[in-house]
Amino acid sequence: MNKILSLEMVNITKRFPGVIANQDVNIKVNAGEVMALLGENGAGKTTLMNILYGLYNPNEGDILINGKKVKIRSPQNALDLGIGMVHQHFMLVPSLTVTENVALGINFKNKFKMDLKVVADKIKKLGEKNNLNVDPNAYISQLSVGEQQRVEIIKALYHGANFLVLDEPTAALTPQETDQLIKWIREIIKDDMGVIFISHKLKEVTEVSDKVEVLRDGKNVFSVQTNKTNVDELAREMAGRDIELPTVDKKNEFGDVVLKVEDVWAKSDKGTDALKGISLALKKGEILGIAGVSGNGQKELAEVITGFRKVNKGKINFKDENIVNKSIQYIIDQGLGFIPEDRLHMGTVPGFKVKENLILKDYLKYPFCKNFILKPKYIESYCKTTVDEYDIKCPNINTPTHALSGGNIQKLILSRELKRNPVALVASYPIRGVDIGAIEYIHEKLLEARNNDVGILLITEELEELLNLSDRIAVIYEGKILDILEADKATKSKLGLLMAGVKEG
Amino acid sequence: MNKVINKVLFNVTILLFAFLVALILGSVILLIAGVNPLFAYKAMIINPIFSVYGLSEAVVRAIPLMLVGIGISIAFRSKMINIGAEGQLQLGAVAGGAMALAFAGAPKIILIPLTLLAGFMAGGLWGGIAGWLKAKLSVNEVLSTVMLNYIAFQIYLYLIRGPLIDPAELAYGTGVPQTQRMPDSALFDRLILGQRIHSGIFVAILIAILVYYLLWKTSFGFRLRAVGEEPKAAKYAGIKVNKYLVLAMILSGGLAGIAGSVEVIGVHHRVLEGLSANYGFTGIVVALFGSLHPIGVIPASFFFGLLLIGAEMMQRAVDIPSAIVISIQGLVILSVVSSNIILRNPAYRKKFEKLIFNKKLLFWR
């Protein structure tokens, strides 16, 4: 296998029935260089990488390695040429060990016996050489997301990859893990490794890459050396228009307390105490941000308030009524909206049509339904208006929801929750994995709801989002609120310390 | 319009092709058994389609298959793998029969619905038990429905041998395990003189349409489908997931129960041993073949009805062991169901469409 000194994709065009996913796309990456591939959801990044990895055949165009034309027909081809890919969703078997997972892709000489010890040794060596420490004997299910990602990278390296494609590698990482990854990438390219880094998080892109290639609607629209550009310019090129993330305007008058959590205790799925006497109060017309490293009880907090999780002790007053352990339906009826963390499987029924998901909480109510009979005409017209009003991009309202991009699914959920005129809204990670155009939109809508007197509990790990939107920021740490800051007194460094569990004074 | 015609032509071609493959494979078996395959297949395919008897009998078999298939579709759509239709059907048959006998004097317009209702309740109870076990105790429904089949079958035998046995059988001392003949006012009308095809077919088709309406046009169906598609999201929308699992199983079992009582008052006119002919299991294949859609189940059940009677007619015509007939039937079902991938997967579909339409392989192009 030859070393990849340069990799080019020339005039790549890929058509799907009814859509052109890539049109005359050109990229070039040299060894020792990180190219960031930037674009909104649906811009054609993933299609392009799937072509590179042999999952799709392009309709037109060539792939050149070291200037020579190559045909990549399958992932095996790609690996043989030295291209390794780490997918956004890891391809690991949770019930097997690291070694076994790596061994899965090896053609052993002896078909009936796998020499796992050799594999384990090589994993160790590779790990030491590349500064990727993992225990070869650990089970995947025991590893954190960051460690699993390391296993994926090791898997690629084991198979001889000297060119890496990382598809949204930071989507599921904590901020600390992200920093580590970026550092590691800058380190590894010194060994003449080429890297394509796919993301729509602009800050990371500027930190990690040498050059940036922006795709929009399947075409190259902008390419630049990273040190000659900035976040704002990249955002503009990506979205095709000026992006200005909205920020909250200060106000001093808030409404009454609408949601009051008092000394609530609840267990996690594993049976440990996830919430240990948490207390907070949300006022009408206020955005209360919940900051914290994920896994400190955010998920459980959202779930106890919305009725998904049993509360062991404590009170939750919503509109002056204790809603602890009331049914989910009852809590919905009282006017509590919920944007859940798992947007595809909890926020929507993936196999349902867009229109069915838009009425997921309203299908029982007149005029959507009368005497148990759904009213298709009203539903259609209502959904058509909503899709237009909230700019949900879908072929039509009968499209199955799982065919939509993450940002559009999130807009769908947002529209459903907001159009029900909630009294309060719990929003969990509303912009996770969503591209910049959609972020702008979602934030505008959340602020608009706040100004209409909705109380919003905003759970997120993006500090920028918290600082842009919140009136107050509460920091959650190990199931308790460590401190609550007024937004104008909060800074990134202050929040960072608190999130790590350090309280000054 | 042309597109629709093309699509239908395409589907029919693929199905016929799959059918042909099965027949070629089956001919090997027939040759080994020392039978002329052409003769056997003529009896299996041509005879039923071109005889009143064959068509009538195909419909007779399609009726219970349709009802069971619709029920299975409801259960599978809410992700309950109901393997218990056979037991639910048998209990429905015996409950329907008992009801018809108990109210023998009632007029037809009351007695038939009453009989079907009894069948529905008995089958629904049996399905509901499995649903309840799943909801409350997380008992795997495949396991519970299979076990409940055994129990249902023994209850069925006990009832027709004991409490419900025809007094005449006891009086003559013959002891054939069957009930009295159903009163005339409970019977479905025969549609053709001398043939067994009966008006139950209208009931089955009506139920198919009703269930379609229920699943896609009502709030109840909305919930049921949501629970099956994604229980987490259903819960998020405030739906009591467990309740709907049980309801789906009650409906599913209930329809199998109706199939049982329809067999009693439509075909056999008594409750007797061997009434079901495995409709409860074949109905699962019918449901899957009909895309788990109540309307899709209608043609699927006719197709399988034809297959079943074809096999019977072949057996009688060429005098071969029934084991061979069953094997050939199995081959046909397997290859026809396998061909579904060509119909469903757009990539395959395109490939074969090119082959069929562009190369003008077909005489009609």
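What follows is calculated from the coordinates using simple rules that are stated; it is not laboratory data. Quick caveat, the model's predicted, so the values are computed rather than measured. Here the Cβ is made from the backbone with ideal geometry for all residues, glycine too, and neighbour counts use every protein chain on show.
Among the residues of region B:33-43, are any in contact with a Gly (Cβ under 6 Å, 6 or more places away or on another chain) and among the charged types (D, E, K, R)?
no
May I ask you to verify whether B:L215 is surrounded by fewer than 24 Cβ atoms within 10 Å (Cβ to Cβ), in a helix (DSSP H, G or I), at negative phi and within 14 Å of another protein chain (Cβ to nearest Cβ)? Before the answer, list the steps.
On the way: surrounded by fewer than 24 Cβ atoms within 10 Å (Cβ to Cβ): yes; in a helix (DSSP H, G or I): yes; at negative phi: yes; within 14 Å of another protein chain (Cβ to nearest Cβ): yes.
Taking the combined requirement at face value, the residue satisfies it.
Are there any strands (runs of 3 or more DSSP E) wholly within region A:400-505 with 2 or more residues that are surrounded by 21 or more Cβ atoms within 10 Å (Cβ to Cβ), and if so which? Walk me through it before giving the result.
Values: elements: A:424-428, A:455-459, A:472-477, A:480-486.
So the answer is A:424-428, A:455-459, A:472-477.
Go through B:I258, B:I201 for me and flag whichever is surrounded by 24 or more Cβ atoms within 10 Å (Cβ to Cβ) and more than 9 Å from every other protein chain (Cβ to nearest Cβ).
B:I258
What strands (runs of 3 or more DSSP E) lie completely within region A:156-230 and have 3 or more residues being surrounded by 16 or more Cβ atoms within 10 Å (Cβ to Cβ) and within 22 Å of the chain's Cα centre (by Cα)?
Filter on region A:156-230 gives A:163-167, A:194-199, A:211-216.
Filter the strands (runs of 3 or more DSSP E) completely within region A:1-114 down to those with at least 3 residues that are buried (at least 21 other Cβ atoms within 10 Å of the Cβ).
In region A:1-114, the matching strands (runs of 3 or more DSSP E) lie at A:6-16, A:19-30, A:34-38, A:83-86.
How many residues, within region A:356-393, are more than 24 Å from B:V227 (Cα to Cα) and not charged (D, E, K, R)?
Number of matching residues: 6.
From A:Y390, A:Y363, A:Y378, grab the single residue that is surrounded by fewer than 16 Cβ atoms within 10 Å (Cβ to Cβ) and either within 14 Å of chain B (Cβ to nearest Cβ) or in contact with a Phe, Trp or Tyr (Cβ under 9 Å, 6 or more places away or on another chain) (or both).
Values: A:Y390 fails: surrounded by fewer than 16 Cβ atoms within 10 Å (Cβ to Cβ); A:Y363 fails: surrounded by fewer than 16 Cβ atoms within 10 Å (Cβ to Cβ).
Of the residues listed, the single one that is surrounded by fewer than 16 Cβ atoms within 10 Å (Cβ to Cβ) and either within 14 Å of chain B (Cβ to nearest Cβ) or in contact with a Phe, Trp or Tyr (Cβ under 9 Å, 6 or more places away or on another chain) (or both) is A:Y378.
Determine which single condition A:I305 fails, assuming it passes every other condition in (1) surrounded by fewer than 16 Cβ atoms within 10 Å (Cβ to Cβ); (2) more than 20 Å from the chain's Cα centre (by Cα); (3) within 14 Å of chain B (Cβ to nearest Cβ).
The one condition A:I305 does not meet is (1).
When region A:401-412 is examined, which residues are found to be out of contact with any Phe, Trp or Tyr (no Cβ under 7 Å at 6 or more places or on another chain) and within 14 Å of chain B (Cβ to nearest Cβ)?
Result: A:H402, A:A403, A:I409, A:L412.
Give, as residue ranges, the helices (runs of 4 or more DSSP H) completely inside region B:75-186 that count at least 2 residues that are under 27 Å from B:A204 (Cα atoms).
B:85-102, B:108-137, B:141-161
So A:F352 passes all but one of these: (1) within 14 Å of another protein chain (Cβ to nearest Cβ); (2) at positive phi; (3) in contact (Cβ under 8 Å) with a residue 12 or more places away in the chain; (4) not β-branched (V, I, T). Which condition number does it fail?
(2)
Determine whether region B:224-240 contains at least one residue that is buried (at least 20 other Cβ atoms within 10 Å of the Cβ), more than 14 Å from chain A (Cβ to nearest Cβ) and of a type in the set (F, W, Y).
No: zero hits.
For region A:343-369, name all the residues that are part of a loop (DSSP other than H, G, I, E, B), in contact with a Lys or Arg (Cβ under 7 Å, 6 or more places away or on another chain) and within 11 Å of B:Y236 (Cβ to Cβ).
A:L360, A:K361
Does any residue of region B:204-211 turn out to be within 14 Å of another protein chain (Cβ to nearest Cβ) and within 23 Å of the chain's Cα centre (by Cα)?
yes
Looking at region A:327-340, which of the residues that are touching a Gly at 6+ places or on another chain (Cβ under 6 Å) and either touching a residue at least 12 places away in the same chain (Cβ under 8 Å) or more than 11 Å from chain B (Cβ to nearest Cβ) (or both) is surrounded by the most Cβ atoms within 10 Å (Cβ to Cβ)?
Applying the filter and picking the extreme gives A:P340.
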